[in-house]
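Could you have a look at this structure, given as structure tokens, before my questions?
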Amino acid sequence: LKMSWACFYLPLRLLMAVCLCHSIRAPTSTFKSDLFNFYHSLILADGKETTVHLLKDIPKRYYFVLEEGRAPAPFTITVTPCDVPIEWSILRHKASASFLGKAARGDHDTQEISKSQKIPSTVSTIFNYKGNSVETYVGMSYYSALYMLEFLSTERDTHITVYLTTDTTSGHLYPELPLDPRIDIIGIGPTTVTLAWKHSPSVLQHRENIQYCLLVNEKHNYKSLCAAETAIRSSGMKVPPMLALSLSPYLLEPQQVMILSNSELSIINRASSGEVRQICVGTKNTYTVPSLSASTQYYFDVFVVNLLTNASAAYTGTFARTLEEPEPKMTELKDGKVIQVVLDGKKQKLNSLQYQARHKRIQFTFQPCRGQVQVHITKNGKTVASENISGLRYFSLKGNLLDTYLVQLRSTEQSNSSVKVQVSSHFHKPLFPLLPDSLKIKSFSKLRTCSSVTIAWLGTQQESKYCVYKKRIQDDQVWMELQSADRCARPESRPRSEKVLCRYFHDTNLQRAVTTETIRGLDAGTLYLFDVYLMGPSGIPVRYYSKVVKTRKKC
């Protein structure tokens, strides 16, 4: 680094001026106090990690003194960049400590100080570094000296941490790394990667105060934990200090998900740029990272953390690409047969069904039982239908004999769902009933009383059986009841006490194909869930959308 030592001497000259003024008017004790206060903001704390904020292209300097009588004095300095690469140097000023010591004791004559504007000294650069790795300098001083550390960021504003210690006998702030700090990949699957690493000597000595934490992301490795946290914040996420390094509870941000199981703390930070997963695993030195995406490259970092000081040391990061998802098992559809397919919403797996046409015209029928389902149909490799469905849906297709149809199904939600599927070439023998234009149930507010509710629904031109059911629910159960309803379940599976009535109904004029029903014997001011089931010729039911109605409280 190109530095002007005028900046280095300036604090000394100012200090001398302060000393001169106060040595004339004040006793020695006051002089020493002023000396301490002047340097308090510049001196680097011994035995404490200091956070230093750097502005772009503006150097920042800190000092520390190895006093006379302590030589030879060992010392270590650890600098951790938390973002971009920085430049930093250590410079030694041999005569400064001795001179300041004598000045502080009042040994110098004030006239000598005023006459001597130059202080005999030897200045040397003993270390310099440029980069974004965690770097530690270990030195030994055999004489009293003043040391200066200068830090410079040329890319942008950033921050770093600096740790100085002159006590090498009381243990380490930072946990120790093993001689081989590499992370080994011992297993790879489509959605998992298994890692192993050698134990830190600190874990073997202080097991109760040390733990391992992993960082998983899709961008790159991080050379320090503070660098990782800075990157997470810059992506738009809010990260509590030392996130995932303490098992103490704290309030998570909306874009964070915490999972605690088997003594492992896993925190997932979600943003538009991807997710960063932080997992603390105690003192285990092997871990299988779950729930990864297939055929995706991930970067893995392991940090050994001192829970008492929150200081950490980073293993050498690694990366791996998960395997491709194996081809899904193909299910053959048989003409006229209804099958029910369960969809895994969490893993978002595709379910594939295949059918070879025996007629030129065929019809696919889909009845989602719970949740919304994505349906994609191809014929001989070309897409013929693609749609998200939440109710009974028919697809009538025309082609040639022996055409091959591939149906792919996926849940559009995070929860599991299921769907009934049928393919048939016999249009005159439908298994599912003919549907009205709408499956909504209507209630009449003006006809509500304290003990009765009137509902209505659309019918069809086909003679069909309709069954009405009611269920008493609480206010806080409405959402769950509506979301968890199984629209494929037969009404016979419900308790008999919930059944209201069954009746047959049809009308050749669709304008008049509407039926109403008044349900009596209800409790005042109570919420009820009403369901209507349409039973087709084959007995397969179709459930209308549930309706929640509250009886009047006072009449």
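The values are calculated or read from the model by the stated rules, or taken from the named source; none is laboratory data. Keep in mind that what you see is a predicted model, and the values were worked out from it rather than measured. Note: ideal-geometry Cβ built from the backbone for every residue, glycine included; neighbour counts use all protein chains shown. The area values use the complete protein model at the heavy-atom level, side chains included, leaving out ligands, DNA and RNA. Shrake-Rupley method; radii C 1.70, N 1.55, O 1.52, S 1.80 Å.
Taking R0 as 30 Å, what FRET efficiency do you get between residue 396 and residue 372 from their Cβ-Cβ distance, rounded to the nearest 0.05? Present the calculation step by step, with values, prior to reporting the outcome.
Numbers: r = 22 Å, r/R0 = 0.73.
Computed FRET efficiency for residue 396 and residue 372 comes out at 0.85.
Once the Cβ-Cβ distance between residue 192 and residue 167 is put in as r, and R0 is 45 Å, what FRET efficiency do you end up with, to the nearest 0.05? Mind dumping the intermediate values first?
Working: r = 44 Å, r/R0 = 0.98.
According to the calculation, E is roughly 0.50.
What FRET efficiency comes out for residue 449 versus residue 389 if R0 is 56 angstrom and r is the Cβ-Cβ distance? Round to the nearest 0.05. Write down the numbers at each step before the final one.
Numbers: r = 38 Å, r/R0 = 0.68.
Plugging the Cβ-Cβ distance into 1/(1 + (r/R0)^6) gives 0.90.
Also: Go ahead and collect, in residue order, the members of region 521-544 whose backbone nitrogen is under 19 Å from a label point 7 Å along the Cα-Cβ direction of residue 483.
529
Taking every Cα atom in region 331-424, find the radius of gyration and the maximum pairwise distance Dmax, and write them in Å.
Rg, Dmax (Cα atoms, Å): 12.6, 38.
How large is the accessible surface of residue 188 in square angstrom, using a 1.4 angstrom probe and rounding to the nearest 10?
80 Å²
When a/c reaches 1.5 or more, the comparison of a/b and b/c decides; with that in mind, is region 441-550 rounded, prolate or oblate per its Cα gyration tensor? Please list the in-between numbers first.
Numbers: a/c = 1.98, a/b = 1.31, b/c = 1.51.
Cα axes put region 441-550 in the oblate bin.
Rounded to whole Hz and in sequence order, give me ³J(HN,Hα) for region 487-498 from the Karplus expression 6.51 cos²θ - 1.76 cosθ + 1.60, θ = phi - 60°, writing x for Gly and Pro.
Residue by residue, region 487-498 yields 6, 9, 5, 6, x, 5, 6, 8, x, 4, 5, 8 Hz.
When all protein chains stay in place, what accessible area (Å², nearest 10, 1.4 Å probe) is found for residue 163?
20 Å²
First select every other residue whose beta carbon is under 10 angstrom from the beta carbon of residue 373; then total the charges, Lys and Arg +1, Asp and Glu -1. Before the final figure, lay out the partial values.
On the way: positive: 370, 393, 410; negative: 387, 413.
Summing Lys and Arg as +1 and Asp and Glu as -1 gives +1.
Once Lys and Arg get +1 and Asp and Glu get -1 on their Cβ, which of 400, 355, 341 lies farthest toward the positive end of the dipole of region 331-424?
After comparing all options, I get 400.
Now a separate question. Quick check: pseudo-label points 7 Å beyond the Cα along Cα→Cβ at residue 180 and residue 207, how many nm apart are they?
2.3 nm
Now a separate question. Taking H placed 1.01 Å from N in the peptide plane, check which residues at least 5 places from residue 418 or on another chain put their amide H under 5 Å from its amide H.
Long-range HN contacts for residue 418: 343, 369, 370.
Follow-up question, since we're still on this one. Just going by the charge dipole of region 441-550, with Lys and Arg at +1 and Asp and Glu at -1 on Cβ, which of 449, 466, 548 is farthest out on the positive end?
449
Could you tell me what percent of the accessible area of region 459-555 is made up of carbon and sulfur, with a 1.4 Å probe and every protein chain present?
On the way: 2560 of 5570 Å².
Carbon-and-sulfur percentage of accessible area, whole number: 46.
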